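Working notes, beginning with the structure itself.
The values are calculated or read from the model by the stated rules, or taken from the named source; none is laboratory data. Here the structure is a predicted model, which is why all the values come from computation and not from measurement. Here the Cβ positions follow ideal geometry from the backbone for every residue, glycine too, while neighbour counts run over all protein chains shown.
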Amino acid sequence: MITSVLPTYNRAPLAFVKGEGSWLFTEDGGRYLDLGSGIAVNALGHAHPELVKTISEQAAKLWHVSNVYRIPEQEALADQLVEHTFADTVFFTNSGTEAAELAIKMARKYWYENGEPERIEILTFEGAFHGRSTGAIAAAGSEKMVKGFGPLMPGFRQLPFGDHEALRAAISDRTAAVLIEPVQGEGGIRTLPDSCLKGLRDLCDETGALLIFDEVQCGMGRTGKLFAHEWAGVTPDIMMVAKGIGGGFPLGAVLATENAASGMVAGTHGSTYGGNPLACAVGGAVMRIVSDPAFLAEVNRKAGLFRQGLEALVAAHPEVFESVRGQGLMLGLKCKAPAADLVKAGMAEHVLTVAASDNVVRLLPALNIPDADIAEALKRLDAAAAALSGHAG
């Protein structure tokens, strides 16, 4: 008999009733160290005082009015994003999936309005994850996500990750855009080298194709810069943002240059909830905190501390781990033992992690995680690895 909640998740047998900083508390009083952050969503941890204050004050004033009217909170957050990024304009969504849909529409509409309607193909990369709508799964193209959901939206071609020759051979006068995650999250914390991002920007400039970055998981300070592409010193034409931008409140956005967004005139796109006062007030508070250079410097310091400990962990348990990968506080443990087993062993030690493809366990802690909690995380991961290796032996 089917459950009242559609059973599309293989859920862990845990239910949390309270969160505080980097910790989650269960119904029965259990205390868990959260290294998943709702999959890179709770960028400032749980119940951050500034976010609680902001959402409480806004909730007492105004939640929703629809985009029929001006929304000052939306305009203020858009101004912040434009100030701190390459973008000239922003459209707000409720999720990364919705941001993906608009990015696809924007790229194709650009070429339609510029007299080349045949330029509809969008090049993507194996291992990518852009959401679970029909357009987003067509973009990613993996069998796991698309099987049984055909016919798929046409106009996407998946290329091998990091294969420059394949990309150069594939790009043509039918290419509308290239869509890529600077750091693949679901794909196993795979970082595209700076030289590749630079080469990609040069190739798009050479051919006219638009460059779309999906920074839904790797953005908002996660890698130690406000956005991951900043490490390479390049900028996209369009960028998808979500997860951390709302600090736990549903919020996403598409950022674009004026040129790339030129086809999106009145009536071409809309959202009932996107950019509502409640979401944008919270997003504004998150941006004020995360965009501060001092905050980002702390993210990098904490990342160095955590990574050093993880490298020692890998060395101590060579039968369990292969390597550490990632950037900033978007880290992954490439495992020799099954990644799912390590996640389960971690739960037994009351530390929460997230599995990914390529047999990787993701570590996505709050960006403001205290040093003491990093030390505690390493201690519990060590115990989990020891239990796993003992079981394996």
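Here are the numbers for this structure:
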{"quantity": "Hits in the stretch 121-153 (condition: hydrophobic (A, V, I, L, M, F, W, C) and touching a residue at least 40 places away in the same chain (Cβ under 8 Å))", "calculated": "122, 123, 125, 128, 129, 139"}
{"quantity": "Residues located in the stretch 50-84, provided they are within 30 Å of residue 237 (Cβ to Cβ) and not in a helix (DSSP H, G or I)", "calculated": "66, 67, 68, 69, 70, 71"}
{"quantity": "Complete set of residues in the stretch 295-312 that are basic (Lys, Arg) and under 17 Å from residue 381 (Cβ atoms)", "calculated": "302, 307"}
{"quantity": "Qualifying residue in the stretch 158-165 (condition: within 23 Å of residue 260 (Cβ to Cβ) and part of a loop (DSSP other than H, G, I, E, B))", "calculated": "no"}
{"quantity": "Complete set of residues in the stretch 376-390 that are modelled with pLDDT of 95 or more and farther than 16 Å from residue 299 by Cβ", "calculated": "376, 378, 379, 380, 381, 382, 383, 384, 385, 386, 387"}
{"quantity": "Complete set of residues in the stretch 84-108 that are touching a Gly at 6+ places or on another chain (Cβ under 8 Å) and basic (Lys, Arg)", "calculated": "108"}
{"quantity": "Failed item in (1) assigned to a loop (DSSP other than H, G, I, E, B); (2) farther than 30 Å from residue 232 by Cβ; (3) of a type in the set (A, V, I, L, M), with residue 44 passing the rest", "calculated": "(2)"}
{"quantity": "Members of the stretch 228-252 found to be within 11 Å of residue 214 (Cα to Cα) and aliphatic (A, V, I, L, M), listed by number", "calculated": "228, 238, 239, 240, 241, 242"}
{"quantity": "Which listed residue is at positive phi and β-branched (Val, Ile, Thr), from 180, 189", "calculated": "189"}
{"quantity": "Selection count where residues are closer than 25 Å to residue 276 by Cβ and surrounded by 20 or more Cβ atoms within 10 Å (Cβ to Cβ), scope the stretch 20-54", "calculated": "11"}
{"quantity": "Hits in the stretch 302-312 (condition: surrounded by fewer than 19 Cβ atoms within 10 Å (Cβ to Cβ) and touching a helix residue (DSSP H, G or I) at 6+ places or on another chain (Cβ under 9 Å))", "calculated": "305, 309, 312"}
{"quantity": "The stretch 138-157, subset in a helix (DSSP H, G or I) and within 19 Å of the chain's Cα centre (by Cα), residue surrounded by the fewest Cβ atoms within 10 Å (Cβ to Cβ)", "calculated": "145"}
{"quantity": "Leading residue by the ranking (farthest from residue 125 (Cα to Cα)) among those in the stretch 166-175 that are of a type in the set (A, V, I, L, M, F, W, C) and part of a helix (DSSP H, G or I)", "calculated": "169"}
{"quantity": "Identity of the residue in the stretch 58-90, of a type in the set (Phe, Trp, Tyr) and surrounded by fewer than 16 Cβ atoms within 10 Å (Cβ to Cβ), that ends up farthest from residue 256 (Cα to Cα)", "calculated": "63"}
{"quantity": "Residues of the stretch 85-137 that turn out to be of a type in the set (D, E, K, R), in a helix (DSSP H, G or I) and touching a strand residue (DSSP E or B) at 6+ places or on another chain (Cβ under 9 Å), as a count", "calculated": "3"}
